[in-house]
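Notes for the one structure printed next.
The values are calculated or read from the model by the stated rules, or taken from the named source; none is laboratory data. Bear in mind the structure is a predicted one, so any value in this text is a computation, not a measurement. Neighbour counts are summed over all protein chains in view; Cβ atoms, including those assigned to glycine, are modelled from backbone coordinates with ideal geometry. We work out accessible area using only protein heavy atoms, side chains counted, and drop any ligands, DNA or RNA first. Shrake-Rupley method; radii C 1.70, N 1.55, O 1.52, S 1.80 Å.
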Amino acid sequence: MTDQDQAIKPWGGRFSEPTDAFVERFTASVEFDKRMYHHDINGSLAHAQMLTKVGVLSADELDQIQTGLEAIRSEVEAGEFQWSVTLEDVHMNIEARLTDKIGITGKKLHTGRSRNDQVATDIRLYLRDEIDTISKELTRLQQGLIALATQHADTIMPGFTHLQTAQPVTFGHHLLAWNEMLERDYGRLIDCRKRVNQSPLGAAALAGTTYPIDRAMTAQLLGFEAPTENSLDSVSDRDFAIEFTAFASLVMTHLSRFSEELVLWTSAQFNFINLPDRFCTGSSIMPQKKNPDVPELVRGKVGRVNGHLISLLTLMKSQPLAYNKDNQEDKEPLFDTIDTIKDCLKAYADMVPAIEPKKAVMLEAARRGFSTATDLADYLVRKGMPFRDAHEVVGKSVAYGVAEEKDLSEMSLQELQQFSDIISDDVFEVLTLEGSVAARDHIGGTAPKQVKSAAERATQKLQQR
């Protein structure tokens, strides 16, 4: 290793030969961790202020560091910063550039910290900002769902179990089911943020530092709730990244379920909804095709996020305390998860308000498949028949309808009475789709007024965020 090489590497004094060129590239992370430059600079600014307070830096040195770091921030944002693989990562690149700019004072910045606590701080700062962005996009998607649900609180469609017609519901009620999934996701995200928002800065390499640092000060300057409690855990913990990725896996699972339904509903076989052309693509060979590529692609992306979760869990499962180079592998899965979830939420938040339900098609579909059979059973129970007997009666009525190709609502009173003589003229009130939907008039039910009330409550929750 030449003197110049040793000067480039802040740890080079221990080594007698240069790093192998392949190993240098293999171990470098700057190509992906440079996205944290903003947070690395903010962490350094807070660290420098604290070092000045405790007497390690002078006021003049603090001013030099602040001016230099802000100049570097401007260089990066202007695309003028020269990133170097030789300098390994975002931290050493910025520190080296600072020293170039302000001389020996730049070398004092790293006093009382290590790259171990520095990177742990940067990741938390970066993820915290991304969580705030994602929470806003999640809220925007929920707003779109709730607005569409309110608009279609009385738009009748078939509800399914086993993808078979079960009971009539409304399109609004179905959309609010999606919203409930996202509401749980939002709660998980905010809960995750609390554990992200702890400051490891000051833990140094693994055992803290002998300098009289003030960790509470740096935590406060960086907007953290508090400093972390244990230096060993501080530099090696990546639970917060795993927890965020677990949140993302659940969000993607939910979006994938939404996507599956949208893909089905846009098919010629269902024909329940229309997606505007701007969210679809065509075929290179079949001119009639309109493919729902946005929901299909979202459905496909769940695999990569689930894979990142497994990757991070596997990364951490055998690591002894404290920091290990393995942890460099935490960033790419985390970063790609962040990028993927933001894109998918944006796509859905833009697309959902533009969904156009085909009311007549949905209504006709709800008429098929004997969707009011349960209502007939409930009617018989209210007339005094035990439920299991009512179940049997309705089952025979359905079998008759299948044979005669008649829905229950299309049968005459005489046809229905052959299965039970307690059936009377009032039965037709419960066999209509509108009557069936309106009868489930309770919290969580399908009655249009209940759907509207649920939408109002959901809106109030969003307004309280």
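Run a plain Debye calculation on segment 134-213 (Cα atoms as equal point scatterers, no solvent) and give log10 I(q)/I(0) at q = 0.19 Å⁻¹, rounded to two decimals, same order as the q list.
For segment 134-213 at q = 0.19 Å⁻¹, log10 I(q)/I(0) is -0.88.
Would you mind telling me the share, in percent, of accessible area of the chain contributed by carbon and sulfur at probe 1.4 angstrom?
Numbers: 11320 of 22090 Å².
Looking at the chain in its full context, I get 51 percent from C and S.
Can you work out the FRET efficiency for the pair Thr111 and Asp233, with r the C-beta to C-beta distance and R0 = 25 Å, to the nearest 0.05? Don't skip to the answer; put the middle values down first.
Numbers: r = 23 Å, r/R0 = 0.92.
FRET efficiency, Thr111 to Asp233: 0.65.
At 0.692 mPa s and 37 °C, plugging the Kirkwood radius over alpha-carbon pairs of the chain into Stokes-Einstein gives what diffusion coefficient in µm²/s?
Numbers: Rh = 26.5 Å.
Rounded to a whole number, D works out at 124 µm²/s.
Counting Lys and Arg as +1 and Asp and Glu as -1, what is the net charge of the other residues whose Cβ lies under 15 Å from the Cβ of Gln319?
Details: positive: Arg238, Lys317, Lys325; negative: Asp233, Asp237, Asp239, Asp326, Glu329, Asp330.
Residues close to Gln319 contribute a combined charge of -3.
With each pseudo-label sitting 7 Å past Cα toward Cβ, what's the Ile104-Ala403 distance in nm, one decimal?
Inter-label distance under the simple model: 10.3 nm.
Can you compute the helix-only [θ] at 222 nm over the chain? Use -39500 (n - 2.57) per DSSP H run of at least 4 residues, normalise by all residues, nearest 500 deg cm²/dmol.
-20000 deg cm²/dmol
When the chain is fully extended, how far beyond the present Cα-Cα distance does Leu413 get from Glu456, taking 0.36 nm per residue of separation? Present the calculation step by step, with values, prior to reporting the outcome.
Values: separation 43, 0.36 × 43 = 15.48 nm, distance 4.05 nm.
Length gained between Leu413 and Glu456: 11.4 nm.
Using only Cα atoms and rounding to the nearest 10 degrees, what angle (0 to 90) does helix 90-102 make with the longest principal axis of the chain?
Approximately 40 degrees, to the nearest ten.
Taking the mean number of other Cβ atoms within 10 Å as a proxy for protection, how do you rank 275-281, 43-49, 17-23 from highest to lowest?
Numbers: 275-281: 14.3, 43-49: 23.4, 17-23: 11.7.
The peptides rank, most packed first, as 43-49, 275-281, 17-23.
Determine, from the Cβ-Cβ distance of Gln288 and Ala147 and an R0 of 30 Å, the FRET efficiency 1/(1 + (r/R0)^6), rounded to the nearest 0.05. Provide the component values of the computation, followed by the final result.
Working: r = 32 Å, r/R0 = 1.07.
Efficiency at R0 = 30 Å is approximately 0.40.
Which GluC sites (Glu not before Pro) in segment 136-238 sit in a loop by DSSP (not H, G, I, E or B) and have at most 13 other Cβ atoms within 10 Å of their own Cβ? The partial results should precede the final answer.
Values: sites: Glu137, Glu180, Glu183, Glu225, Glu229; in loops: Glu225, Glu229.
Loop-located and lightly packed - Glu225, Glu229.
Given 0.36 nm per residue, what is the gain on full extension from Asp350 to Val54 after removing their alpha carbon distance, in nm?
Details: separation 296, 0.36 × 296 = 106.56 nm, distance 5.03 nm.
Result: 101.5 nm gained on full extension.
Net charge near Val196, counting Lys/Arg +1 and Asp/Glu -1 over other residues with Cβ under 9 Å of its Cβ? Each step should come with its number before you reach the end.
On the way: positive: Arg124, Arg128, Arg193, Lys194, Arg195; negative: Glu243.
Its environment carries a net charge of +4.
Computed from the mean reciprocal separation of all distinct C-alpha pairs, what Kirkwood hydrodynamic radius does segment 293-432 have, in Å?
Details: mean 1/r = 0.0492 Å⁻¹.
When all Cα pairs of segment 293-432 are included, the Kirkwood radius is 20.3 Å.
Under 11 Å from the Cβ of Ile72, count the other residues' Cβ atoms, weight Lys and Arg +1, Asp and Glu -1, and hand me the total. Numbers along the way, then the final one.
Values: positive: Arg73, Arg97, Lys101; negative: Asp40, Glu70, Glu75, Glu77, Glu80, Glu95, Asp100.
In short, -4.
Would you mind computing, in nm to one decimal, how far apart the modelled labels at Gln66 and Ala226 are, each placed 7 Å from Cα along Cα→Cβ?
Taking the simple label geometry, Gln66 and Ala226 are separated by 3.0 nm.
Measure nothing but the geometry: give the 0 to 90° angle between the long axis through the Cα atoms of 59-77 and the longest principal axis through the Cα atoms of the chain, rounded to 10°.
Roughly 50 degrees between the two axes.
Kindly state, to the nearest 0.05, the FRET efficiency for Lys342 paired with Arg25, given R0 = 41 Å and r defined as their beta-carbon distance. Can you show the working numbers first?
Values: r = 29 Å, r/R0 = 0.71.
FRET efficiency, Lys342 to Arg25: 0.90.
Between Tyr211 and Asp421, with labels modelled 7 Å along Cα→Cβ, what's the label distance in nm to one decimal, could you check?
So the label points at Tyr211 and Asp421 sit 9.7 nm apart.
Starting from the alpha-carbon convex hull of segment 220-273, give the projected area averaged over all orientations, in nm². Provide the component values of the computation, followed by the final result.
Numbers: hull surface 24.0 nm².
In nm², the orientation-averaged hull projection of segment 220-273 is 6.0.
Based on the mean of other Cβ atoms within 10 Å per residue, sort peptides 365-377, 208-220, 396-408 so the most packed one is first. Intermediate values should be presented prior to the final figure.
Working: 365-377: 20.8, 208-220: 17.2, 396-408: 14.6.
Peptide ranking by packing, descending: 365-377, 208-220, 396-408.
For segment 338-351, take each phi angle, set θ = phi - 60°, evaluate the Karplus expression 6.51 cos²θ - 1.76 cosθ + 1.60, and give the result in whole Hz per residue in order, putting x for glycine and proline.
Per residue, the Karplus-derived 3J(HN,Hα) values read 4, 4, 5, 5, 5, 5, 5, 5, 4, 4, 6, 5, 6, 7 Hz.
What value in Å³ per residue do you get for the convex hull of the alpha-carbon atoms in segment 182-314?
Numbers: hull volume 21.4 nm³, N = 133.
Given the Cα convex hull of segment 182-314, per-residue volume reads 161 Å³.
What ranking, highest mean first, results for peptides 430-439, 25-34 when packing means the other Cβ atoms within 10 Å averaged over each residue?
430-439, 25-34
With +1 on the Cβ of every Lys and Arg and -1 on the Cβ of every Asp and Glu, and nothing else charged, how large is the dipole of the chain about its Cα centre, in debye rounded to the nearest 20? Display every interim value, and only then the final one.
Values: 51 positive and 68 negative charges, 76 e Å.
Result for the chain is approximately 360 debye, rounded to the nearest 20.
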